[in-house]
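The values are calculated or read from the model by the stated rules, or taken from the named source; none is laboratory data. Just so you know, these numbers come straight off a predicted model, no measurement behind them. Here the Cβ is made from the backbone with ideal geometry for all residues, glycine too, and neighbour counts use every protein chain on show.
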Amino acid sequence: MTTPNGLILIDKPQGLTSHDVVARLRRILKERRIGHAGTLDPLATGLLVIAVGPATRLLRFAQGQDKVYTGTVKLGVATDSLDADGAVVATAPVGEITPEQAQAAAATLTGPILQVPPMVSALKVGGKRLHEMAREGIEIERAPRAITIHSFTLTPTEESDVWEFRVACSVGTYIRVLLADWAERVGTLGHLTALRRVSSGDHTADGAQSLDELLAPEGPAVIIREPVAFVEHLTTIAADADDLQRLRRGQLLQFQAVDTTEEVAIVDDEGHLAGIVHRRGEGWQPDLVLPEWTA
């Protein structure tokens, strides 16, 4: 039996953790080597980028890509988790907010900013996850982290205390923190009520499978894209048979007129990903070598 190897795009439903999705795929594909890039909370839906087999070594390329999210925020109510899964901890009046005021507040949270991670999160401090401390009633100082909000737009709904949003952001952004901060800037409190990841890098939820689609009567119907789908943003070099041999031996490769200092993807003559190399002196050193592609 051929080992599954590549990228899977899943449209995660609400109520499941990212680990739940991975566990289901492990059962379906009978493969333990499965991982995901960018955790989605149970409340969230949308794109989950999955790697299976040897391609799990490529997950770092998906982890670092920019994301786009849509959703809703409810004003006037704060929760301990900053989203609808948490307990209400405070309320505040909601005054009239015009679209211009909403967007002006969002503009103050756009660009490179510092964001304090929430207590209810999977971040570890001293070997213990913050959400475990939060359940014990412990709150600790959290160092702010540098993130970038590329765009942040708000749209009013028929309910005066509910706004729709769309955010394009860097990796590491907590959308529920962003929305809580925005609510403060418009003079009230707020919490996230719906969240959907619509894209990660070049991958979109429109091209993802639902979990219901994965099981067909005749057997698993999982669409596995080739590993090269993880590195389409990298400079790509098609190597000849001799260079592929050197790559697989871990030997230094020589390529002329490669105008980049970043990592480079090496593919065979059919476009299948063979490995990743980085600049070393006048040559290119293999970082990662994948097994030969088998359909």
Of the conditions (1) within 26 Å of Gly71 (Cβ to Cβ); (2) surrounded by 21 or more Cβ atoms within 10 Å (Cβ to Cβ); (3) in contact with a Phe, Trp or Tyr (Cβ under 8 Å, 6 or more places away or on another chain), the single one that Ala183 does not satisfy is (3)
Going through the stretch 172-194 one residue at a time, which ones are more than 14 Å from Ala92 (Cβ to Cβ) and hydroxyl-bearing (Ser, Thr, Tyr)? Thr173, Tyr174, Thr193
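For every residue, the table says whether it meets (1) within 30 Å of Ala274 (Cα to Cα); (2) not aliphatic (A, V, I, L, M).
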{"residue": "Gly6", "(1), (2)": "yes, yes"}
{"residue": "Leu9", "(1), (2)": "yes, no"}
{"residue": "Ile28", "(1), (2)": "yes, no"}
{"residue": "Ala62", "(1), (2)": "yes, no"}
{"residue": "Asp66", "(1), (2)": "yes, yes"}
{"residue": "Leu75", "(1), (2)": "no, no"}
{"residue": "Val89", "(1), (2)": "no, no"}
{"residue": "Ile97", "(1), (2)": "no, no"}
{"residue": "Ala102", "(1), (2)": "no, no"}
Just checking, does the stretch 68-91 include any residue being within 30 Å of Glu262 (Cα to Cα), buried (at least 19 other Cβ atoms within 10 Å of the Cβ), touching a residue at least 12 places away in the same chain (Cβ under 8 Å) and not aromatic (Phe, Trp, Tyr)? yes
Set Phe255, Phe230: member being within 26 Å of Asp202 (Cα to Cα) and aromatic (Phe, Trp, Tyr): Phe230
Assess whether Asp41 counts as being farther than 19 Å from Asp85 by Cα, acidic (Asp, Glu), within 15 Å of the chain's Cα centre (by Cα) and not assigned by TED's automatic domain parsing to the domain that holds Asp83. no
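Given the condition among the hydroxyl-bearing types (Ser, Thr, Tyr), surrounded by 16 or more Cβ atoms within 10 Å (Cβ to Cβ) and either more than 21 Å from Cys169 (Cβ to Cβ) or in contact with a Lys or Arg (Cβ under 6 Å, 6 or more places away or on another chain) (or both), answer yes or no: does some residue in the stretch 14-37 qualify?
Scanning the stretch 14-37, I find no residue that is among the hydroxyl-bearing types (Ser, Thr, Tyr), surrounded by 16 or more Cβ atoms within 10 Å (Cβ to Cβ) and either more than 21 Å from Cys169 (Cβ to Cβ) or in contact with a Lys or Arg (Cβ under 6 Å, 6 or more places away or on another chain) (or both), so the answer is no.
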Assess whether Phe230 counts as being closer than 25 Å to Ile8 by Cα and surrounded by 11 or more Cβ atoms within 10 Å (Cβ to Cβ). yes
Enumeration of residues in the stretch 255-284 that are exposed (fewer than 15 other Cβ atoms within 10 Å of the Cβ), modelled with pLDDT of 90 or more and either polar (S, T, N, Q) or not in a strand (DSSP E or B) (or both): Asp269, Glu270, Gly271
From Leu247, Leu214, grab the single residue that is surrounded by 13 or more Cβ atoms within 10 Å (Cβ to Cβ) and touching a helix residue (DSSP H, G or I) at 6+ places or on another chain (Cβ under 7 Å). Leu214
When residues of the stretch 238-254 are limited to those that are touching a Phe, Trp or Tyr at 6+ places or on another chain (Cβ under 9 Å) and in a loop (DSSP other than H, G, I, E, B), the one nearest to Val228 (Cα to Cα): Ala239
Examine the stretch 141-148 for a residue that is over 19 Å from Thr79 (Cα atoms), modelled with pLDDT under 95 and surrounded by 12 or more Cβ atoms within 10 Å (Cβ to Cβ), and state whether such a residue exists. yes
Can you confirm whether Ala183 is farther than 27 Å from Leu16 by Cα and either assigned to a loop (DSSP other than H, G, I, E, B) or at pLDDT 95 or above (or both)? yes
Checking the structure you have, find out if any residue of the stretch 225-235 is in a strand (DSSP E or B) and either under 17 Å from Gly71 (Cβ atoms) or in contact with a Phe, Trp or Tyr (Cβ under 9 Å, 6 or more places away or on another chain) (or both). no
Looking only at the stretch 151-180, filter to residues that are among the small types (Gly, Ala, Ser) and crowded, with 18+ Cβ neighbours inside 10 Å; which one of those is nearest to the chain's Cα centre (by Cα)? Ala168
With a cut-off of at least 2 residues that are among the β-branched types (Val, Ile, Thr) and at negative phi, name the strands (runs of 3 or more DSSP E) lying wholly within the stretch 11-122. 45-52, 67-75, 77-79, 88-91
